[in-house]
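**Q** Let me give you the structure first, and then I'll get to my questions.
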Amino acid sequence: MIRPAAFGFNEETAADNFFQRKITSLTQDKIQQAVLKEFDGFADALLKKGIEVIIIDDTAIPPKSDAIFPNNWFLTLPAGSLSVFPMYAPSRRLEKRDDILQQLNKEFEVTRFTDWSELEADGFFLEGTGSMVMDHDNKIIYACLSQRTHLSAIEKFSQINDYRAISFEAIDNTGKAIYHTNVMLCVGKDFAVIGDKCFTDELEWVAVSQLLRSTGHEIIPISHKQVSAFAGNMLQVKNNKEVPFLVMSKTAYDSLTKKQRLQLQKFNDLLPVSIPTIETIGGGSARCMMAEIFLERKVDNRK
């Protein structure tokens, strides 16, 4: 998780992220204070449940309004690979930091490193686990196509990492393209939360739902309104005792019906966190703030 130094409204990303909204009643200083309080509360909630968190401070220069969402520019895989991704918005490319990559390489076993940033020059983009919702057990990638998520980039990434890519198109309740897959889909070990009404092609929905069921996932549909409340932007994690938790924002939790909560509680404890300022201005929620580390820690051989 990246503790932000200059959080703010990004005019550039707002062009296609329709979740972003300005809060004109707060000064920039007040916004930063509120966001730091929400961030620290989020991290503390994870730590209290025994979930390991690596917190890295954002660098103030250059200012990076979306640094709080690190899952878009890098990801790790259980096989030991570390990848850096081509970002659609030039302002977000500043978030890529060599010192973070070096820290990961120092502390964990990285078997392969791939930087896909060169695709930016050709106008091809793939924004990490924003673009790709991954079922690691079955080595399947689900991806909603958009100007931030190009099919050719997904196929190249999938091929080199031996995953199967399933792509589709999706829209929100106003007919606008959904910019990131992880706002409408969460795949846990035995369940999937999905905005089924977002699919533009019935056959694509049938194919995705059948694949999810065939790989042992109970489907929990959410409405357009719940997607807008970030109910798709959840992440299943485990603590140091292997107890699973489903992390989500309080906004997302409040949007769920009693039945949906009971369905989800069959698979994991629910862990809602309050991040309303981050969600409103940043247009991203709890899942976007966490970049999972699947790498094995290096053994310290010092006596």
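The values are calculated or read from the model by the stated rules, or taken from the named source; none is laboratory data. The structure presented is a predicted model; accordingly, all values stated were derived computationally and were not measured. With ideal geometry, Cβ positions are generated from the backbone for all residues, glycine too; neighbour counts draw on all protein chains shown. Accessible surface areas use protein heavy atoms only, side chains included; no ligands, DNA or RNA. Shrake-Rupley method; radii C 1.70, N 1.55, O 1.52, S 1.80 Å.
**Q** For the condition under 28 Å from Ala67 (Cβ atoms), small (Gly, Ala, Ser) and modelled with pLDDT under 95, what is the one hit in Ala170, Ala177? Give the derivation first.
**A** Numbers: Ala170 fails: modelled with pLDDT under 95.
After applying the criteria, what remains is Ala177.
**Q** Would you pick out the residues in the stretch 72-116 that are farther than 27 Å from Asp137 by Cα, of a type in the set (Asp, Glu) and open to solvent by less than 70 Å² (accessible area, probe 1.4 Å)?
**A** Glu95, the sole residue that qualifies.
**Q** Residues that are touching a strand residue (DSSP E or B) at 6+ places or on another chain (Cβ under 8 Å) and either on the phi > 0 side of the Ramachandran plot or open to solvent by 60 Å² or more (accessible area, probe 1.4 Å) (or both): does the stretch 278-291 have at least one?
**A** no
**Q** Now a separate question. Counting only residues that are in contact (Cβ under 8 Å) with a residue 40 or more places away in the chain and of a type in the set (S, T, N, Q), which one in the stretch 233-259 is most open to solvent (accessible area, probe 1.4 Å)?
**A** Among those residues, the one meeting the criterion is Asn240.
**Q** Checking the structure you have, find out if any residue of the stretch 208-215 is in a helix (DSSP H, G or I), of a type in the set (D, E, K, R), closer than 23 Å to Asp16 by Cβ and open to solvent by 50 Å² or more (accessible area, probe 1.4 Å).
**A** No, because not a single residue in the stretch 208-215 is in a helix (DSSP H, G or I), of a type in the set (D, E, K, R), closer than 23 Å to Asp16 by Cβ and open to solvent by 50 Å² or more (accessible area, probe 1.4 Å).
**Q** Can you tell me which residues in the stretch 119-151 are at positive phi and open to solvent by 20 Å² or more (accessible area, probe 1.4 Å)?
**A** Taking the stretch 119-151 first, the residues at positive phi are 123, 128, 139.
Answer for the stretch 119-151, where residues must be at positive phi and open to solvent by 20 Å² or more (accessible area, probe 1.4 Å): Gly123, Lys139.
**Q** While we're on this one: Would you call Ile154 open to solvent by 20 Å² or more (accessible area, probe 1.4 Å), among the β-branched types (Val, Ile, Thr), closer than 30 Å to Ser117 by Cβ and under 19 Å from the mean Cα position of the chain (by Cα)?
**A** no
**Q** Among what's in the stretch 27-40 and is exposed (fewer than 13 other Cβ atoms within 10 Å of the Cβ) and assigned to a helix (DSSP H, G or I), pick the residue that is modelled with the lowest pLDDT.
**A** Within the stretch 27-40, the match that is modelled with the lowest pLDDT is Gln28.
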